[in-house]
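Here's the structure we're looking at; comments come further down.
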Amino acid sequence: MLLTTPPIGWLVLLIVLLAVEAVTLGLTTIWFAGGAAAAFVAALIGANLTVQIAVFVVLSLVLLIVTRPLAVRYMQKDHVRTNADSLIGRHALVTEEINNLDQTGEVKIADVGWMARSRREADIIPVGGRVRICAIEGVKLIVEEIKEEN
């Protein structure tokens with residue numbers, strides 16, 4: 001009988017959602033916990049069940065849509081890129097002709113040789129060419145030639 005009263009039901013839901021968030025730390029249920037807390041307050045002041053449910057749904061969605069991107073950005077501000085990730089966007093020198101059809105190509109960046117493939121299948125980039133690193137696929141750098149303008 002105790003769980004059938006709306007305030008207690010919302011309080012139990014709030015506690016469960018906070019416990020799940022504390023265990024996972026994944027920013028998944030915290031937004032719904034906020035909605036449950038608001039619905040709990042609405043139940044305490046005497047709002048009917050329809051209003052309580054509407055408060056829960058609307059506030060949960062607003063919190064999810066508005067604050068989640070900010071929270072994720074804040075939590076990832078100290079994210080350290082790996083050495084490989086830090087190569088993306090940098091320039092390299094072609095040390096072996098890059099030809100995707102022949103599956104050949106190597107570039108040198110920071111005195112380290114990397115296997116390389118062109119971003120566009122048909123492009124052939126000669127030795128001595130300058131390239132920009134676009135992505136990393138496995139142990140290969142995906143590059144595009146930097147065209148020098150006169």
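Being under 21 Å from Arg73 (Cα atoms) and out of contact with any Phe, Trp or Tyr (no Cβ under 8 Å at 6 or more places or on another chain) narrows it down to one of Gly34, Gly9, Gly46, so name that one.
So the residue among Gly34, Gly9, Gly46 that is under 21 Å from Arg73 (Cα atoms) and out of contact with any Phe, Trp or Tyr (no Cβ under 8 Å at 6 or more places or on another chain) is Gly34.
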TODO: Out of the residues in region 111-136 that are among the acidic types (Asp, Glu) and open to solvent by 60 Å² or more (accessible area, probe 1.4 Å), state the one that is nearest to Asp85 (Cα to Cα).
DONE: Asp111
Task: Within region 35-54, considering residues that are open to solvent by 60 Å² or more (accessible area, probe 1.4 Å) and of a type in the set (S, T, N, Q), the one farthest from the chain's Cα centre (by Cα) - done: Asn48
Open item on the list: Looking only at region 27-36, filter to residues that are in contact (Cβ under 8 Å) with a residue 24 or more places away in the chain and among the small types (Gly, Ala, Ser); which one of those is nearest to Pro7 (Cα to Cα)?
Closed with: Ala36
- [ ] Hey, can you tell me all the residues within region 119-138 that are part of a loop (DSSP other than H, G, I, E, B) and over 17 Å from Arg90 (Cβ atoms)?
- [x] Arg120, Glu121, Ala122, Asp123, Pro126, Val127, Gly128, Gly138
Open item on the list: Can you pull out every residue in region 1-38 that is within 13 Å of Leu61 (Cα to Cα) and of a type in the set (A, V, I, L, M, F, W, C)?
Closed with: Ile30, Trp31, Phe32, Ala33, Ala36, Ala38
Task: region 103-118: number of residues that are of a type in the set (D, E, K, R), over 13 Å from Ile133 (Cα atoms) and in a strand (DSSP E or B) - done: 0
TODO: List every residue pair whose Cβ atoms sit under 8 Å apart, with the two residues 6 or more apart in sequence or on different chains, where the first one lies in region 60-84 and is at pLDDT 70 or above and the second, anywhere, is hydroxyl-bearing (Ser, Thr, Tyr) and exposed (fewer than 13 other Cβ atoms within 10 Å of the Cβ).
DONE: none
TODO: Check region 103-112 and report whether any residue there is basic (Lys, Arg) and either under 30 Å from Gly9 (Cα atoms) or at pLDDT below 90 (or both).
DONE: no
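The values are calculated or read from the model by the stated rules, or taken from the named source; none is laboratory data. Keep in mind it's a predicted model, so treat the numbers as computed, not measured. All Cβ positions, even for glycine, are placed from backbone atoms using ideal geometry, and neighbour counts span all protein chains on display. Remember, those area values only see protein heavy atoms, side chains included, never the ligands or the DNA or RNA. Shrake-Rupley method; radii C 1.70, N 1.55, O 1.52, S 1.80 Å.
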